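The values are calculated or read from the model by the stated rules, or taken from the named source; none is laboratory data. Just so we're clear, the structure is a prediction, and the values are computed from it rather than from any experiment. Here the Cβ is made from the backbone with ideal geometry for all residues, glycine too, and neighbour counts use every protein chain on show. Surface areas here come from the heavy atoms of the whole protein model, side chains and all, with no ligands, DNA or RNA. Shrake-Rupley method; radii C 1.70, N 1.55, O 1.52, S 1.80 Å.
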Amino acid sequence: MKRLFANKKLLADLCVILALLLLAGGLALALRLGREAGGQAVVRVDGRVTERHSLAENGVYPLNGGSNILVIENGEAFLREANCPDLLCVKQGRIRYNGQTITCLPNRLTVTVEGGESNGVDFTVG
Amino acid sequence: MAMCIALAMILSYVESQIPSPGIPGVKLGLANLVVVFALYRLGWKEAAGISLLRVFLVSLLFGHAASLAYSASGAALSLVGMILLKKWDKLSCVAVSVIGGVLHNAGQILMAWALMGANVVWYLPVLILSGTIAGVAIGVVSAILVKRIKL
């Protein structure tokens with residue numbers, strides 16, 4: 001039976017794979033430890049901010065002319081509906097921590113949790 | 001070489017019919033099988049040609065306008081990494097394929113970051129992990145193919 005890999009390279013391969021797994025684990029850990037609950041959901045289309053909604057108040061907001069529907073519930077934001085066929089943004093689930101993002105590639109739209117202070121003064125209108 | 005491109009395209013299509021496990025960007029990268037094979041059996045220029053042509057044609061046929069930019073940046077980064085590693089000759093094609101898979105994801109993330117300014121750091125661990133697993137799978141199969149198929 002022929003060996004598929006030369007032993008020397010097999011060892012090097014395992015090191016590479018182990019290093020990558022450690023990198024992924026380390027990054028995940030660092031992100032988890034560094035996270036904090038965010039204050040608002042920031043909606044961007046083509047990289048430009050179009051809307052901000054406080055996570056402290058529950059609400060339903062159609063985005064981008066109705067292409068996606070953003071729901072804020074119990075301090076979490078998620079997309080409930082989208083007009084794209086794969087619905088990947090809906091499957092990305094709920095976000096509540098600073099920096100977490102839901103991305104909708106077809107509509108070039110992102111929802112990001114930002115800002116620790118949830119009562120953004122620029123939003124209490126009336 | 002034309003046959004390899006056709007094969008890579010068919011594999012891309014087959015893969016697009018497999019439901020995604022729910023996390024965007026996580027996929028097996030079946031077409032990478034052909035690229036890794038070509039890299040070892042045909043040479044780096046052929047592998048580059050196959051990979052880039054495949055990305056272009058597949059985006060044209062099955063994708064939408066935005067997908068070309070993502071796929072192309074992923075494929076290009078992945079190619080450069082794999083070609084350099086192959087030249088370095090310290091790793092077998094399993095590790096080369098693993099690095100290729102991870103770099104493919106990294107390229108797409110970079111493009112998402114460049115195009116949309118999205119905060120993509122959250123995605124990195126998931127994509128590194130999935131790229132590694134997919135890379136091992138593709139790499140092992142490629143190793144067998146490279147060994148068995150003589151041109």
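Here are B:ALA95, B:ALA75, B:ALA112: which of them is closer than 30 Å to A:ARG44 by Cα, open to solvent by less than 10 Å² (accessible area, probe 1.4 Å) and aliphatic (A, V, I, L, M)?
Going through B:ALA95, B:ALA75, B:ALA112 in turn, the sole match is B:ALA75.
Which number in (1) open to solvent by less than 50 Å² (accessible area, probe 1.4 Å); (2) within 17 Å of B:VAL121 (Cβ to Cβ); (3) under 17 Å from the mean Cα position of the chain (by Cα); (4) without any contact (Cβ under 8 Å) to a residue 40 or more places away in the chain marks the one condition that A:VAL42 misses?
Result: A:VAL42 passes all but (4).
Among the candidates A:LEU63, A:LEU4, which residue alone is at pLDDT below 90, at the interface with chain B (Cβ under 9 Å from one of its Cβ atoms) and surrounded by 12 or more Cβ atoms within 10 Å (Cβ to Cβ)? Quick ask: steps written out before the conclusion?
Working: A:LEU63 fails: at the interface with chain B (Cβ under 9 Å from one of its Cβ atoms).
Selected residue: A:LEU4, the only one of A:LEU63, A:LEU4 that is at pLDDT below 90, at the interface with chain B (Cβ under 9 Å from one of its Cβ atoms) and surrounded by 12 or more Cβ atoms within 10 Å (Cβ to Cβ).
Taking the condition open to solvent by 70 Å² or more (accessible area, probe 1.4 Å), assigned by TED's automatic domain parsing to the domain that holds A:GLN100 and in contact (Cβ under 8 Å) with a residue 24 or more places away in the chain, does A:ASN58 pass?
Spelling it out, it is not the case that A:ASN58 is open to solvent by 70 Å² or more (accessible area, probe 1.4 Å), assigned by TED's automatic domain parsing to the domain that holds A:GLN100 and in contact (Cβ under 8 Å) with a residue 24 or more places away in the chain.
Can you find even one residue in the stretch A:99-109 that is modelled with pLDDT under 85, small (Gly, Ala, Ser) and farther than 30 Å from B:VAL98 by Cβ?
Within the stretch A:99-109, not a single residue is modelled with pLDDT under 85, small (Gly, Ala, Ser) and farther than 30 Å from B:VAL98 by Cβ.
Report yes if B:LEU84 is within 8 Å of chain A (Cβ to nearest Cβ) and surrounded by fewer than 20 Cβ atoms within 10 Å (Cβ to Cβ), otherwise no.
Numbers: within 8 Å of chain A (Cβ to nearest Cβ): no; surrounded by fewer than 20 Cβ atoms within 10 Å (Cβ to Cβ): yes.
No, not satisfied.
If I filter the stretch A:16-29 down to residues being surrounded by fewer than 13 Cβ atoms within 10 Å (Cβ to Cβ) and at the interface with chain B (Cβ under 9 Å from one of its Cβ atoms), which single residue comes out as farthest from the chain's Cα centre (by Cα)?
A:GLY26
Which of the residues spanning the stretch B:44-67 are modelled with pLDDT of 90 or more and open to solvent by less than 30 Å² (accessible area, probe 1.4 Å)?
B:ALA47, B:ALA48, B:GLY49, B:ILE50, B:SER51
For the stretch B:38-95, how many residues are of a type in the set (Gly, Ala, Ser) and more than 15 Å from the chain's Cα centre (by Cα)?
Final tally of qualifying residues: 5.
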